[in-house]
Structures are given as structure tokens and as C-alpha cells.
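Comments concern the structure below.
The values are calculated or read from the model by the stated rules, or taken from the named source; none is laboratory data. Predicted model only: the values in this text are computed from it and were never measured. So basically every Cβ, Gly included, is an ideal-geometry build from the backbone, and we count neighbours across all protein chains shown.
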Amino acid sequence: MKKTLTTILAIAFVFASLAMGQATRPSELKYQPLQYDPPDPRAFRTECAGGLRAYIQEDHSLPIVNITVLVNYGSIYGQRDKAGLESLLGDQLIKGGTATREGSAIEDRIDFLGGSLSAFVGERTTTVSLSVLAKDLEEGLGLLFDVLRHPEFREEPLKLAKARSIEQLRQANDQPDRILSREYERLLYGDQPLTWQATKKTYEGLTAADLKAAHAKYFVPKNMILAAAGDFSQADLKAGINKAVAGWANHAVSFPALVKAFPAPAPGVYFIQKAANQGYISLGHLGIEDTNPDYFSVQVMNFILGGGGFTSRITTKVRSDEGLSYNQGSRFVFRWGLPGTFAGYVQTKSATVGYAISLIENEFDRIRREPVSDGEMETAVNYYLESFADGFQTPQATMANFAMLEMTGKPLNYYKTFRDKIKAVTKARVREAARKYVQPDKMVIMIVGDWEPCNKGGDKWAGPLDKLGKVHRITLPDPMTGLEAK
Amino acid sequence: MKRSLLALAALLAFATLAVSGELSLDVKEHVLGNGMKILMVPKPGIPRVVCHVYFKVGSINERPGITGSAHVHEHLMFKGTRVMGVTDFDKDSEIDRRIDALMDRIYREKYWKTDGDAAKIADWQNEAEALAKAEKAYIIKDDLWNQYVKNGGTGLNASTGNENTGYYVTLPSNRVELQMLLESDRMMNAYFREFYSEKNVIMEERRLSENRPGSLFDEQVNAAFYAASPYHWDVIGWMDDLKKMTKQDLVEFHNRYYVPNNAVAVYVGDFDPAAIIAMAEKYFGRIPKGPDLEPIRDGEPPQYSEKRMYGEGPAPTSLAMMFHTPPEGNADAPALSVLASVIGSGGGGFGPRGGPGGGTGRLYKLLVRDKQLAINASASSRPQWYVGSFQFSATPRQDKGVQPEDLEKEIWAEVDRIKKDGLTDEEIQKAKNRGEAMFIRSLGSTMGLASRLGRAELNRGWRSVLTDIDDLKKVTNDDVKRVAAKYFVKDNSLTAVYRRKMGR
């Protein structure tokens with residue numbers, strides 16, 4: 001009996017190893033088909049008291065609850081003479097306390113529970129997030145809504161935050177990468193809310209009344225969407241939210257119109273002096289909105305051009321072939337309601353700044369001129385199709401994504417149709433996207449680096465930099481005053 | 001033979017439900033015949049699998065002259081093997097050998113002599129470049145990366161630390177075999193193609209970090225703090241070593257450390273453990289076991305005197321106070337962790353971009369909020385595998401004319417209070433609650449979990465992630481007072497004072 005069993009096992013093993021032969025190359029591998037359907041936002045959508053919309057998913061895998069409240073509010077609705085108000089509001093929503101609690105008492109309590117409560121005011125969305133153990137949900141929910149609903153912006157913490165913010169201004173021009181991203185946007189968007197910077201004067205002028213006014217205007221239930229996942233019963237959570245929101249009056253929020261007139265900076269080189277052993281470079285122009293019908297073609301095109309890591313052309317050429325840089329590529333940044341930016345980027349030692357730029361320019365030119373290869377197309381499209389499920393790995397991130405879809409006015413079937421839209425991208429559409437949205441004749445080249453060695457160049461590309469276009473030297477404003485440094 | 005191996009393997013595979021208090025973690029464990037460990041945490045649902053491989057090797061396994069080589073090696077692991085990334089290995093390797101021979105001559109002329117012949121070097125350099133160009137005909141660029149990407153690989157990366165090196169990818173659950181194939185291939189068949197141009201990439205990586213204001217001073221502080229142990233140099237390595245490192249250095253490094261008995265593979269996601277074990281036997285199981293590896297030899301000798309460093313440059317004026325502490329697993333480590341949590345939490349992270357600026361730490365309340373002497377003030381405990389450190393950091397309020405030395409006095413006064421009275425019961429309980437809750441939260445991230453288990457396995461075993469929480473819960477105020485008195489003494493410290501001096 002025993003012997004027979006062994007024989008059967010032995011045969012089974014032979015079959016098993018035949019069925020699962022050892023491959024030596026990826027092309028020899030065969031994969032079982034995999035079916036994945038993304039969750040449907042409508043299955044999680046609900047409306048709470050006061051018209052507060054919510055996406056809620058029970059997830060009992062860990063004794064944790066995560067809740068994020070999105071508010072349609074950000075610095076893009078701000079005023080020039082009150083620059084910095086939004087970041088102060090983000091800091092003071094919690095630290096400034098509420099009608100009944102001091103800020104430090106809220107922080108101490110949430111910390112004692114091993115939880116976290118944080119607020120962040122971004123460009124056009126504000127997020128206030130709570131994470132607590134499931135046993136502390138009721139208390140956590142109370143703190144979250146107290147902060148959202150009754151912030152007091154007390155004088156002492158506000159005074160301290162203003163002083164710290166002003167001190168932080170000293171660091172505004174320390175890091176070359178931060179200078180580059182700030183000044184690149186300033187050049188492309190011009191003088192408008194997106195690019196206004198706080199100064200000592202604007203911070204000093206801000207008062208608790210300013211913060212209260214902004215809060216009163218934007219923080220109403222109908223201007224928020226809640227996303228929650230965790231170890232709770234949906235009915236209980238909803239009841240808790242309804243209790244917290246009860247009596248919170250709504251009013252119609254009027255949003256300032258977004259500034260959609262942009263300067264057309266003259267093509268050429270914009271150079272910012274910074275003592276560094278590399279040049280930090282962005283070259284490009286304004287991009288598109290993600291509601292653009294060509295969005296998917298642009299994504300695939302940029303993946304091939306410089307967005308797909310080592311599978312992309314700019315990385316292969318500049319890093320892998322030439323060893324010029326550690327970071328390089330191209331990116332389209334998207335923003336809600338406004339065109340984003342497009343940039344090729346690289347950081348390379350001063351002597352190879354001109355050479356690296358010329359290589360990126362060649363790639364811009366090539367993707368406009370020649371069709372991409374079948375292999376490049378296959379890699380890019382497969383990447384989006386096969387990695388699709390990745391975005392749904394955590395229930396909380398999924399709920400937050402759904403809330404964001406709704407807030408930014410995207411169709412709720414966005415994820416359901418995503419893969420079909422990627423599949424519809426063809427080589428011809430990639431080329432069309434490149435010709436339409438990569439425009440070398442409108443391009444600015446911004447460099448933050450050390451002028452002398454960057455301008456001199458090296459063996460493979462000798463300077464001066466004006467071979468790349470007319471050179472404009474930009475002097476950074478003093479971050480304290482916002483005025484030209486003396 | 002094969003069969004009995006498999007049967008044995010099946011017996012060794014068992015599910016372990018390790019429990020810490022009320023916490024439990026269901027990790028399935030399997031050991032291959034060659035000593036390689038496989039850890040599995042099945043999480044049915046989303047059809048993705050986080051696949052990580054960790055090696056017990058990092059910059060502490062280097063020595064002067066080859067600093068940075070653990071990291072250079074990690075980069076080269078992406079540049080193809082004898083199988084991957086090449087169309088005709090024989091032709092490719094023939095060119096490669098000629099390039100190596102030329103580079104050897106160049107290095108000798110350039111680095112072994114003080115008066116090397118520049119003209120000769122230039123000629124050889126041109127010849128090597130021509131060969132590198134010819135070699136390109138046989139190279140499939142970034143083959144491994146492409147294979148992963150077109151199969152839906154995300155989180156594709158690798159990282160090198162002081163103590164370990166990890167290789168990461170997350171794949172659709174039907175494609176895990178690809179990871180087993182590619183990762184076992186680069187362990188067995190490493191080839192270090194395009195070594196010389198990749199070194200240039202890494203030197204650019206080093207320059208990038210040099211351009212972070214204050215980083216060069218930090219590197220010097222670190223080197224002064226760790227006098228004897230190999231934590232003395234940064235993972236990126238010294239620029240001279242990067243320049244002079246040879247391919248042979250890497251071959252030796254690889255053969256010694258990239259052996260299955262020095263590695264652990266971790267899988268977290270939607271899979272059947274039996275299938276993972278069968279594939280691991282097939283792919284990783286084919287690699288021969290290597291020799292046993294000795295732990296590093298040097299710890300830190302007692303200082304017997306205080307160290308002080310002063311620097312100036314383009315970064316904000318700041319203060320750092322560092323103290324030598326024992327490594328992970330030491331009986332004093334949990335109390336030090338409680339101290340860092342209570343004194344230091346939420347003291348950093350403030351800025352125009354916001355961030356979780358919870359200011360609940362003692363130093364924040366004392367120096368930032370109440371006395372208003374600092375913009376930030378924080379503390380952290382970093383036990384590490386062989387030697388530990390505890391650090392206080394603070395940035396003074398320049399608008400009030402506060403100097404780093406003023407903050408130093410304030411921190412010492414607070415430390416003295418703690419030595420005498422310890423912490424309050426509520427503070428200690430807060431640190432315990434935070435530690436436990438943060439741990440539970442970390443289990444929600446599949447990648448975070450893989451990384452935590454893999455790294456822990458290489459040092460004290462994966463169960464240490466649970467026992468550390470148990471140990472944290474046992475900390476008393478007497479423990480806190482004892483460790484504060486033992487480690488926060490001048491003779492055990494390095495104080496670094498940095499002042500901003502604007503350059504061009």
C-alpha cells in the first residue's frame with residue numbers, strides 16, 4: 001500500500017515537472033488567463049446628512065479605520081495679497097483648536113490613541129484624513145468633524161505658525177530642484193494664483209478672521225466628499241457621520257474663475273545661477289488637461305518618449321547609453337481645470353548640460369518624425385493593461401480615487417472604460433499626439449546651475465549655451481520680500 | 001533524488017501563525033535545500049503579488065577602497081546577464097573582455113601612477129569607446145526591466161542600504177513565474193555589462209545628493225560619529241572609490257554575497273503557497289549553496305571623550321546631537337524607542353507644504369511652542385543591526401537670534417530632567433499605543449509588509465517584528481531613566497553645529 005502510494009506520487013511529480021517545465025527565457029513562459037473587473041464606484045456611493053457625499057467600503061482585514069474628507073478648496077482660489085493663507089489654514093485647522101478643544105489637546109489625544117489626524121490644503125483640493133484603531137472610531141470621528149466644522153484659529157498657535165512660516169522662507173532658494181519646479185511654472189503660467197508666493201508681508205498680514213472667512217465659505221457638507229474604508233459596519237459609520245453633520249448648514253459656494261490666460265514665453269534658454277556641480281534642467285511648454293480626448297494617446301506617447309522608466313527613449317539614450325544622469329525623462333503634469341505642464345527633464349554635471357539637452361531635443365524631434373516601433377507600442381500598452389489592478393490594492397485608496405473622480409467631474413465609469421481606451425491607442429494616434437503636444441518651436445529650456453561650466457560645455461557638446469536659443473538670465477526674487485534681491 | 005528533495009521540502013513548508021499579544025501574522029515559511037528562505041503572506045482579493053528578494057549585504061560589507069560597491073552592484077544587476085539582455089553572448093563577451101583589458105590598462109596608467117601618460121590614456125579611451133559602440137549590436141537594452149513592464153510589473157525597483165539590498169516588483173498573480181526566472185537568473189548568471197558607463201550614472205547620483213544643501217557636512221558628521229564600524233561611509237561610497245572601482249571588485253562581491261543562503265524571497269498577495277513553493281524549488285532551487293558568511297567584525301569602540309564638529313555652508317543653521325546606542329534586539333532598545341517617541345514625535349515636518357505636523361513631542365512643546373526658540377525640534381532612535389544611534393535635531397529661530405548652542409543647552413536640561421524623573425505614565429503609554437497602532441497600520445500595505453518581513457528575516461528572523469512590539473509594551477519608567485543615564489552622556493556623544501553661509 002505504502003509502496004503504491006509512493007509510485008503514484010512519483011508519477012504525479014513527473015507530470016508536475018513536465019507541466020511546469022523550467023524556462024530559461026521569459027518568452028518560454030506561458031501564463032494562465034487572468035480576469036479582473038474593477039470595483040464599481042456606484043456600489044460604494046452613498047449620501048449622508050447635509051448632502052455630504054461618501055464612498056464607503058467595509059474592510060475587516062485589520063482593526064483599522066481610515067477616513068479622508070476631500071474639500072473643493074485650495075490655493076488656486078486665493079488672493080495675491082493673502083498668499084500663504086491656504087497653507088496656514090491647513091496647518092491651523094488642527095493646531096488652531098476648535099470651539100471646545102485646544103489644538104494641542106486634539107493632537108495629544110489622537111497621538112495617545114495611536115491614530116493620526118492631518119490636514120493638507122493643496123492647489124484645488126484639501127484633504128483632512130483620520131486613521132484610528134477600530135475601537136476608537138467614535139472618538140476619532142468626533143475629532144475629525146470637530147476640526148472640519150468648528151475650527152477656532154486661536155491667536156497663539158496662529159502667531160507661532162506665522163513666525164515659523166516666515167522663518168521657512170529663508171530656505172526657499174536652497175534646493176536646486178525646488179527652484180526649478182517653482183520657476184518653470186512661473187515662466188509658463190505667468191502671474192496668477194498658481195504661481196503666487198507667500199512673503200513675510202503677506203504672512204504678517206493674515207489674521208484669524210481671514211482663515212475663518214475662507215473656512216466659512218468653502219467648508220460646507222455639499223462641497224465635500226468623504227472616502228472611508230476599514231473595520232466598521234457601513235450603517236454604523238453612516239449613522240456616526242450623520243450625527244456629526246446634523247445641523248451643519250449649506251450654502252451655495254461660488255468659486256473664483258480660474259485664470260486661463262497664459263503668457264507665451266519666448267523660446268530659448270532661461271538660466272538661474274546656483275552654485276551646484278550639476279545643472280537641473282526642464283525643457284518644454286504648457287501641456288493639456290486630463291479631460292482632453294487625446295489624453296490616452298498622450299499617456300502612451302509619453303511612456304515611450306520618457307515616462308516609462310528604463311523602457312523609455314530618453315532614459316535609454318541619456319542614462320543607459322551615455323551615462324550622463326541618474327534622473328531623466330519626460331512628464332505631463334495634469335491639473336484639475338487647467339492645462340498642466342509638459343517637460344523633458346534631466347540633472348547632469350555642468351560640463352554635459354548642453355549635451356544632455358541636445359539629446360532630449362533629438363528625442364522630441366524623433367517621436368514627432370518617425371512612427372514608434374511595434375515593440376515599444378506593445379510594451380507601453382501592455383503595461384497599462386496588465387498593471388491595471390494595481391490601483392485597487394487598498395480599499396481606502398480606491399474609495400479616495402472614486403471620491404476624486406466625482407469631485408473633478410469625471411465619469412464614474414472612468415475605470416471601467418480605462419483599458420478599452422488604452423487599447424484604442426494606435427501607432428498613428430501616438431504620432432499625432434506627439435506632433436500636437438510636443439512642440440519644440442514653443443519650448444523654453446530652464447537650467448538651474450553654475451553658469452561658467454554649464455556655458456562652457458564639454459567634449460561632446462561645446463558651449464556656449466546660446467547655441468540652444470537666446471539666453472535669458474533670471475535673477476531669483478528674495479523669498480522674504482518677493483522683490484528682486486539686492 | 002529530486003523527488004525526495006521535494007518531499008522533504010513539503011514537510012518543511014508549514015504555516016506559522018505567530019502571535020504577539022492580540023496581534024497575529026500568518027506567514028508561511030519554506031526553506032530550499034540551498035538555504036534560501038521563502039516567506040509567503042497570502043492575501044486573496046486583488047490579483048497582484050508583491051515579489052521581493054532581499055540579500056544580506058549592504059555597504060557595511062564593503063571595505064575602504066571599494067566603498068559604494070554594494071550599490072554599484074545593485075545597479076549592474078539591471079544591466080543584463082549571460083542569458084538576458086544579450087543577443088549573442090559569445091560575441092558580446094569577446095568584446096567585453098577586450099574592453100576590460102583596455103580599462104585595466106587605463107586605470108593602471110591613471111590611478112596607479114602620479115605621472116600617467118595622458119596621450120596613451122586618450123588613445124585607449126577612444127579604443128574602448130569604439131568597442132563599446134560595437135558591443136551595442138549585441139545588447140538588448142534594459143531587457144529585464146522591459147520584460148517586467150510589459151507584463152504589468154509595478155513598484156519595479158531595487159535599493160541598497162547599509163545592511164541589506166532589495167529587488168522589487170509587483171506582478172499580476174498569474175505571472176509570478178517571471179520574477180522567479182529573472183531573479184534566479186541574475187543571481188546565477190550575473191555579467192556586469194556596461195559597467196563603465198553605469199559608474200558614470202552612479203557618480204551623477206552622488207552629485208545629486210551632494211547638491212542637497214548640508215549633505216556633504218552630514219556625510220562628514222556620520223564619518224566622525226562612526227569611527228571604526230563600516231557604518232563610517234555612506235551607502236553611495238566615496239567619489240574616489242567610485243572612480244577606481246573595477247569590474248573584478250564586483251565579481252568578487254557578487255560571488256561572495258549573492259548566494260541563496262544569504263537571501264530571502266518574500267511574496268505577499270493573491271496566490272496559492274504550494275504553487276509558489278513549487279516554482280521557488282524549480283528556479284531558486286537550482287542555484288548552488290555558497291559558503292557561510294561571517295558577520296561584520298567591527299562595532300564602535302567607546303569614545304571616552306566628547307566629539308564636536310562645526311560646519312558652515314548653504315543649508316539652514318541647525319544642531320544635531322548624536323549618541324551611540326546598542327543595536328536592534330538589545331534589551332535597552334525598546335526604552336530608547338519609547339524615549340524617541342515621547343521626546344521627539346511630530347517635531348519635524350513643518351513647512352509651506354504642510355505635512356503631518358502633529359506637535360506632541362516634549363521638545364516641540366518646549367522649544368517650538370512654549371519658548372519659541374526653534375522652528376523644529378525632534379529626536380529619533382536608530383538601532384540598526386550592529387551599532388545604534390540616538391539623535392536630537394533642532395533648527396533655531398534666527399529671527400530671535402537663537403544660536404544652535406542655546407538649543408544644545410536646552411536639550412541637555414531636558415535630558416537631565418528625564419534622567420532624574422523619567423517620563424509620565426501617560427507619555428509611556430502613548431508611545432506604546434503608537435508603536436502598536438503603527439505596526440497594525442503597516443500591515444495594510446502589501447509592499448510595506450514584504451519589506452518589513454524580508455529585512456527582519458535577514459537579521460533576527462521575521463518574528464522579531466512581533467516580539468519587538470511585545471518588548472515595547474514591557475518598558476517601564478525605570479527602564480527609561482536607566483537608558484537615559486547610560487547613553488546620554490557627553491563622552492558618548494557627537495555634537496554637530498552648522499551655520500548658514502550664503503554662497504553665490
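So here's what we get for this one:
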read-out	value
Unmet requirement for B:Phe439, which otherwise passes all of (1) of a type in the set (Phe, Trp, Tyr); (2) in a helix (DSSP H, G or I); (3) more than 16 Å from B:Ala333 (Cβ to Cβ); (4) in contact (Cβ under 8 Å) with a residue 12 or more places away in the chain	(3)
Counted residues, the range A:95-111 - those being aliphatic (A, V, I, L, M) and facing another protein chain (nearest Cβ under 8 Å)	1
Where A:Met407 falls short, out of the listed (1) at the interface with chain B (Cβ under 10 Å from one of its Cβ atoms); (2) surrounded by 18 or more Cβ atoms within 10 Å (Cβ to Cβ); (3) not aromatic (Phe, Trp, Tyr)	(1)
Every residue from the range A:21-39 that is facing chain B (nearest Cβ under 9 Å) and touching a residue at least 24 places away in the same chain (Cβ under 8 Å)	A:Tyr36
Those residues of the range A:280-309 which are in contact with a Gly (Cβ under 7 Å, 6 or more places away or on another chain), part of a helix (DSSP H, G or I) and crowded, with 22+ Cβ neighbours inside 10 Å, in sequence order	A:Gly306
Search result, residues across the range A:53-89 that are touching a Lys or Arg at 6+ places or on another chain (Cβ under 9 Å), assigned to a helix (DSSP H, G or I) and facing another protein chain (nearest Cβ under 10 Å)	A:Ser87, A:Leu88
Residue that is farthest from the chain's Cα centre (by Cα), among those in the range B:231-242 that are closer than 14 Å to B:His73 by Cα and of a type outside the set (Asp, Glu)	B:Leu242
Residue within the range A:388-400 that is of a type in the set (Phe, Trp, Tyr), under 30 Å from A:Leu62 (Cβ atoms), free of Cβ contacts under 8 Å to residues at least 60 places away in the same chain and part of a helix (DSSP H, G or I) present	no
All positions within the range A:357-379 that are of a type outside the set (D, E, K, R), under 18 Å from A:Glu432 (Cα atoms), out of contact with any strand residue (DSSP E or B) (no Cβ under 7 Å at 6 or more places or on another chain) and surrounded by 13 or more Cβ atoms within 10 Å (Cβ to Cβ)	A:Asn362, A:Ile367, A:Pro371, A:Val372, A:Met377
Residues of the range A:402-417 that turn out to be part of a helix (DSSP H, G or I) and in contact (Cβ under 8 Å) with a residue 40 or more places away in the chain, as a count	8
Residue check, B:Leu171 in contact with a helix residue (DSSP H, G or I) (Cβ under 7 Å, 6 or more places away or on another chain), crowded, with 21+ Cβ neighbours inside 10 Å, under 20 Å from B:Ile287 (Cβ atoms) and not polar (S, T, N, Q)	no
Of all residues in the range B:449-480 being over 16 Å from B:Pro326 (Cα atoms) and among the charged types (D, E, K, R), the one that is surrounded by the most Cβ atoms within 10 Å (Cβ to Cβ)	B:Glu457
Tally, over the range B:66-99, of residues that are over 24 Å from the mean Cα position of the chain (by Cα) and in a helix (DSSP H, G or I)	11
Odd one out for A:Gly375, checked against (1) within 28 Å of A:Pro63 (Cα to Cα); (2) at the interface with chain B (Cβ under 9 Å from one of its Cβ atoms); (3) not acidic (Asp, Glu)	(1)
Test: residue in the range A:110-131 that is assigned to a helix (DSSP H, G or I), touching a helix residue (DSSP H, G or I) at 6+ places or on another chain (Cβ under 6 Å) and surrounded by fewer than 20 Cβ atoms within 10 Å (Cβ to Cβ)	yes
Selected residue (only one of A:Thr207, A:Thr195 is under 25 Å from the mean Cα position of the chain (by Cα), of a type in the set (Ser, Thr, Tyr) and modelled with pLDDT of 95 or more)	A:Thr195
In the range A:453-483, residue modelled with the highest pLDDT [restricted to those that are of a type in the set (Asp, Glu) and farther than 18 Å from A:Glu185 by Cα]	A:Asp466
Test for B:Asp298: is it charged (D, E, K, R) and either surrounded by 22 or more Cβ atoms within 10 Å (Cβ to Cβ) or in contact with a strand residue (DSSP E or B) (Cβ under 9 Å, 6 or more places away or on another chain) (or both)	no
Every residue from the range A:273-314 that is within 14 Å of another protein chain (Cβ to nearest Cβ) and β-branched (Val, Ile, Thr)	A:Ile281, A:Val300, A:Ile304, A:Thr311, A:Ile314
Qualifying residues in the range B:413-430 (those that are over 17 Å from B:Tyr364 (Cβ atoms) and assigned to a helix (DSSP H, G or I)) - the one nearest to the other protein chains (Cβ to nearest Cβ)	B:Gln429
Qualifying residue in the range B:376-395 (condition: of a type in the set (Val, Ile, Thr) and within 30 Å of A:Thr394 (Cα to Cα))	no
Lone unmet requirement of (1) in a helix (DSSP H, G or I); (2) in the same structural domain as B:Leu76 (by TED's automatic domain parsing) for B:Ser159	(1)
Listing of helices (runs of 4 or more DSSP H) fully contained in the range B:186-295 that carry 1 or more residues being more than 14 Å from chain A (Cβ to nearest Cβ) and either free of Cβ contacts under 8 Å to residues at least 12 places away in the same chain or under 24 Å from B:Tyr111 (Cβ atoms) (or both)	B:215-225, B:239-244, B:247-257
